[in-house]
Structure formats: structure tokens, C-alpha cells
Amino acid sequence: MRLQGRRRATLLVILAAVAALSVANASVFAYRTLYGNVKIADITQGQDQTSITQYGLACVGFYTSDSIEDRGVLPTAGTNYNAAPIGTTSTGGWYGVNVVPGDVACSWTNTSTNNTNTLYKTATVYINVTNGDWYFKDILGFGYPNITSSPSPAYVTVRVEGALSNTNITEALLKIYDASSGNLRGQIDLKNNGDYINFTLMPGQGVQIDLDLSATGAVSLDNFTVRFYISPSSEQPR
């Protein structure tokens with residue numbers, strides 16, 4: 001059973017395997033039926049520090065320095081997610097990088113402290129820079145919150161699912177550092193579709209995401225997609 005970075009609800013499916021048998025002038029059908037029974041828990045709202053503990057691995061996701069308010073849940077990361085303005089354009093826009101968290105994966109309020117902790121299943125990085133070499137440090141965190149009463153590892157595969165293609169982008173590396181020790185966990189080439197790394201997280205562990213970018217000329221628009229697959233086993237997503 002695989003838990004992936006993109007949480008996917010399962011649809012009720014009824015499939016019939018039908019065999020047509022010809023007997024004289026009549027048709028006889030033998031069929032086999034698959035039934036689906038689906039339950040989905042909403043862990044994006046209405047949870048507290050007690051109820052959230054049962055969901056453990058399902059809460060793994062992206063976070064920022066201010067989306068985790070309780071100490072000890074995760075190490076600080078994503079301190080520069082909203083540090084976009086390093087200059088302005090002639091039209092009043094900005095130069096830099098800005099990370100916008102998207103859909104919530106898991107959220108709960110600590111009734112003792114009244115603090116709220118939120119992890120996200122999606123995030124978008126907006127980059128608007130000049131040609132040259134750029135390094136964006138700690139733009140986002142990704143972690144396994146320390147909430148579960150039964151600690152078990154989360155196996156994470158980070159893979160490029162949609163690569164940058166503009167030839168003026170000469171280097172684009174997503175670097176993953178341990179948010180506590182600062183050690184490099186690995187890096188992926190955003191220009192290489194299918195490039196991937198694997199690492200393991202225990203409850204309370206998180207990583208810091210950096211971006212190293214170089215360009216020799218103008219790029220009107222290019223896009224990349226990176227998926228973070230999460231599983232209770234070391235099996236690869238595909």
C-alpha cells in the first residue's frame with residue numbers, strides 16, 4: 001500500500017467481467033463483480049493534538065517557518081518562502097523568488113497553546129530573475145510531524161515529473177538538506193525528467209529545500225513539476 005505526496009481520493013468502482021456465451025438463439029452472460037467501499041477522513045480542519053495522532057504518515061507534507069507554530073513538531077524550515085522582493089522591474093513588478101503554499105494536507109489546533117500547525121500537499125515556486133547565477137536558500141520545508149504515538153519511518157522519493165526545457169537555463173538543481181543537521185540529503189536536476197532521490201524521515205524530522213539556478217539569456221516562461229512520494233515501505237512509486 002502506497003501513500004503518495006499527492007493525496008488521491010479513491011472512487012467507488014464497480015467492474016463487471018462479462019463473458020458472452022452463445023446458446024442456440026439466446027445469449028447467456030456470466031459476470032464477476034468488484035465492489036468498492038470508500039471512507040475519507042478530513043484532516044484539514046477540526047483536528048486537535050489528540051485526534052491528529054492517529055493519522056501519522058498522512059500528515060507528511062510541505063511547511064513554512066510560520067505554518068508550524070508548536071515547538072518540537074518539526075525543525076524550522078521554509079524561512080525564506082515569502083522573501084520575494086530583491087528588486088523591482090520597470091513596470092513595478094518584483095525580482096526574486098516567492099513560494100505560495102497550496103492545498104492543505106493536514107492541520108490541527110493545539111488546545112493547550114491555541115497554536116495551529118499546517119502542512120500542505122502542494123506548493124508553487126514563482127521565480128522572476130535576471131540572467132546569471134542564483135541561489136535561493138530554504139525556500140520551503142518538507143517534513144513528518146512529531147504527532148504519531150507509533151513511530152515508523154516515512155520513505156520519500158522526490159522525482160522530476162516535468163523538466164525545464166529552455167536551453168537558456170543552464171543549471172537548475174533542487175537541493176534537499178536535513179533541516180536539523182544541515183547535511184545534504186540529495187539533489188535533483190530540474191532539467192532532467194525522471195531524475196530522483198530517496199530519503200527517509202522519522203516523526204519530527206524535516207528537510208530544507210534550496211534552489212540553485214543559472215541562466216545565460218532571457219526565458220519568457222518555463223515550468224517544472226516535482227513530486228514527493230511518501231510510503232511506509234521502501235517500494236518505489238513506479
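Pairs linking a residue in region 97-113 that is assigned to a strand (DSSP E or B) to a residue that is charged (D, E, K, R) and at pLDDT below 95, with Cβ atoms under 6 Å and 6 or more positions apart or on different chains, are W108/D48; T109/D48. Number of residues in region 208-236 that are touching a residue at least 60 places away in the same chain (Cβ under 8 Å) and loosely packed, with under 14 Cβ neighbours inside 10 Å equals 9. Go through (1) of a type outside the set (D, E, K, R); (2) modelled with pLDDT of 95 or more; (3) touching a Ser or Thr at 6+ places or on another chain (Cβ under 9 Å) for L201 and report which single condition fails. Among (1) of a type outside the set (D, E, K, R); (2) modelled with pLDDT of 95 or more; (3) touching a Ser or Thr at 6+ places or on another chain (Cβ under 9 Å), the lone unmet condition for L201 is (3). Kindly indicate whether any position in region 159-177 is assigned to a loop (DSSP other than H, G, I, E, B), out of contact with any strand residue (DSSP E or B) (no Cβ under 9 Å at 6 or more places or on another chain) and open to solvent by less than 50 Å² (accessible area, probe 1.4 Å). No, because not a single residue in region 159-177 is assigned to a loop (DSSP other than H, G, I, E, B), out of contact with any strand residue (DSSP E or B) (no Cβ under 9 Å at 6 or more places or on another chain) and open to solvent by less than 50 Å² (accessible area, probe 1.4 Å). Within region 107-148, being open to solvent by less than 40 Å² (accessible area, probe 1.4 Å) and either among the small types (G, A, S) or under 16 Å from L174 (Cα atoms) (or both) holds for S107, A123, G132, F136, D138, I139, L140, G141, F142, G143. Taking residues in region 194-207 that are part of a loop (DSSP other than H, G, I, E, B), and partners anywhere that are open to solvent by less than 70 Å² (accessible area, probe 1.4 Å) and hydroxyl-bearing (S, T, Y), the pairs with Cβ atoms closer than 9 Å and at least 6 places apart or on different chains are M202/Y144; M202/S152; P203/Y144; P203/T148; P203/S152; G204/Y144.
For (1) over 18 Å from the mean Cα position of the chain (by Cα); (2) modelled with pLDDT of 95 or more, each residue gets a yes or a no:
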{"residue": "T109", "(1), (2)": "yes, yes"}
{"residue": "N117", "(1), (2)": "no, yes"}
{"residue": "Y126", "(1), (2)": "no, no"}
{"residue": "L140", "(1), (2)": "no, yes"}
{"residue": "G143", "(1), (2)": "no, yes"}
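The values are calculated or read from the model by the stated rules, or taken from the named source; none is laboratory data. This one's a predicted model, so the numbers in the text were calculated from it and none came from an experiment. Reconstructed Cβ throughout: ideal geometry from the backbone, glycine too, with neighbour counts over all protein chains shown. Side chains are part of the model used for accessible areas, which takes the heavy atoms of the whole protein and leaves out ligands, DNA and RNA. Shrake-Rupley method; radii C 1.70, N 1.55, O 1.52, S 1.80 Å.
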